[in-house]
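Everything below concerns the one structure shown next.
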Amino acid sequence: METKYWFVDNFQEIHQHYPQIKEAAELIQRGEVVAFPTETVYGLGGQVKLDNAVDKIFKAKGRPSDNPLIVHIADKKDVDELAHSIPSYARKLMEAFWPGPLTVIVPKKDGVLSERVTAGLNTVALRMPNHPAALALIKEAGVPVAAPSANRSGKPSPTTAQHVLDDLKGRIAGVVDAGETGVGLESTVVDCTGDYPIVLRPGGVTEADIKAVAGKADTNTVLKKQEDAPKAPGMKYTHYAPEAPLYIMEGTAQAIQKKVDEWKKEGKKVGVLAASENAASYRAEAVIACGSRSDLSSVARELYGALRAFNEKPVDIIIAEAFPTEGVGAAIMNRLEKAAGHKWIK
Ligand code: TXA
Ligand code: MG
């Protein structure tokens with residue numbers, strides 16, 4: 001299949017008649033799947049009503065069909081067409097954080113969505129992305145758009161259109177390129193079916209942010225323990241992994257260098273994923289810097305690109321510095337843990 005490519009240079013000025021957006025939206029209307037930028041990562045969108053379109057998303061990604069998709073909307077009013085019994089704290093969260101990197105899980109209305117979107121669950125994940133290209137595309141398509149991250153299943157999520165093409169060229173109808181995404185990690189997923197919000201996947205909107213609006217919030221206990229019994233079905237799969245095995249290590253750059261030297265002696269080519277503050281101090285086959293410890297949002301933004309970049313390096317094994325888990329650090333360490341398959345060097 002030919003994968004069309006649209007470069008949307010000045011995305012501040014996108015409006016629904018922009019020809020590139022229009023062409024992409026027409027493909028979505030026809031039941032094709034198109035990748036597009038959001039403020040978190042690039043998504044792979046298909047319209048939510050057609051089984052056939054949703055099937056194409058799962059197929060292109062190689063995603064297990066029991067892992068449900070997020071439904072993206074361009075207008076808060078659309079929530080009531082898709083969901084019912086929405087608790088007042090969930091409305092407050094939508095008011096506070098939409099458009100933005102927050103996904104709410106609420107009871108779904110029957111007969112509106114293809115069953116495949118929700119993988120047979122009676123709940124639906126809803127999100128209004130904060131990106132002009134995404135909002136224009138959804139508006140122009142005139143239908144909510146189901147979109148997982150636009151990577152092959154198991155790979156790090158794409159933060160550039162090139163990442164999307166690396167994974168999905170020839171497998172999807174097109175990609176809208178608006179440059180690098182902003183947050184760099186996927187949205188915070190919050191279960192809003194109980195008495196108070198529960199974070200199922202940490203992201204750019206933190207538990208503290210949610211608590212400040214909803215009064216009370218918690219993080220899924222499974223997630224707290226970093227174990228593998230998922231509530232968000234996506235939590236059970238290995239994710240984000242570079243090709244070489246990845247280990248996480250806490251400690252000084254000197255302590256990490258010592259481990260690198262040990263592996264070198266065993267004849268291994270070692271890669272190091274480091275904060276920019278420390279990157280220059282390592283002696284290894286490949287050192288990739290990913291953001292600054294003084295601004296964790298920069299680490300979030302650069303993490304997936306850095307994990308992907310290791311696939312271009314001749315390394316047998318990778319060691320990653322651990323980051324603090326405050327604020328967006330919780331999301332960073334959640335993704336890094338998954339990429340490492342929870343392997344730590346003690
Ligand atoms: O930032 C994002 O959220 C990106 C961009 C493209 O919007 N999308 C994204 O989608 O990360 P995806 O499919 O890669 O992740 C969706 C997560 C999965 O962990 C899935 O299991 C969970 O949301 N999820 C979806 N529907 C759910 C539901 N009804 N109940 C519980 N978890 C759900
Ligand atoms: Mg994903």
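The values are calculated or read from the model by the stated rules, or taken from the named source; none is laboratory data. Given the structure is predicted, the values throughout are model-derived calculations rather than measurements. Positions of Cβ are backbone-derived with ideal geometry, glycine not excepted, and every protein chain shown enters the neighbour counts. Each accessible area value is taken on the protein alone, full model and side chains, heavy atoms only, with ligands, DNA and RNA left out. Shrake-Rupley method; radii C 1.70, N 1.55, O 1.52, S 1.80 Å.
Of the three principal axes defined by the Cα atoms of the chain, the extents in descending order read 61, 47, 35 Å. In this view, the solvent-accessible surface of Ser298, computed with a 1.4 Å probe and all protein chains in place, comes to about 10 Å². Put a plus charge on the Cβ of each Lys and Arg, a minus charge on the Cβ of each Asp and Glu, and nothing anywhere else: the dipole of the chain about its Cα centre is then about 720 debye. Farthest toward the positive end of the dipole of the stretch 246-345, out of Gln257, Ala300, Gly329, is the Cα of Gln257, where the dipole comes from beta carbon charges about the Cα centre. In the calculated pair-distance distribution of the stretch 246-345, the portion above 20 angstrom amounts to 29 percent of the Cα-Cα pairs. Database remark: amide H of Phe323 closer than 5 angstrom to no amide H (H placed geometrically; neighbours at sequence offset of 5 or more, or on other chains; Pro and chain starts carry no H). For the chain, the share of accessible area belonging to carbon and sulfur comes to 48 percent (1.4 Å probe, ligands and nucleic acids excluded).
The GluC sites (Glu not before Pro) of the stretch 261-346 that DSSP puts in a loop, and whose beta carbon has at most 15 other beta carbons within 10 Å, are Glu266, Glu326. Ordering Gly120, Phe36, Ala25 by Cα displacement along the dipole of the stretch 4-183 toward the positive end leaves Gly120 in first place; charges were set at the Cβ atoms of Lys, Arg (+1) and Asp, Glu (-1). Straightening the chain between Ser276 and Glu26 buys 85.7 nm, computed as 0.36 nm per residue apart minus the Cα-Cα spacing. The trypsin sites (Lys or Arg not before Pro) found in the stretch 246-298 that occupy coil by DSSP, while having at most 12 further C-beta atoms within 10 Å, are Arg283. Distance between the modelled labels on Asp51 and Lys169, one decimal in nanometres: 3.4 nm (7 Å Cα→Cβ projection). Could you tell me how many degrees, from 0 to 90 and to the nearest 10, lie between the Cα long axis of helix 88-97 and the main elongation axis, the longest principal axis, of the Cα atoms of the chain? Value to nearest ten degrees: 70.
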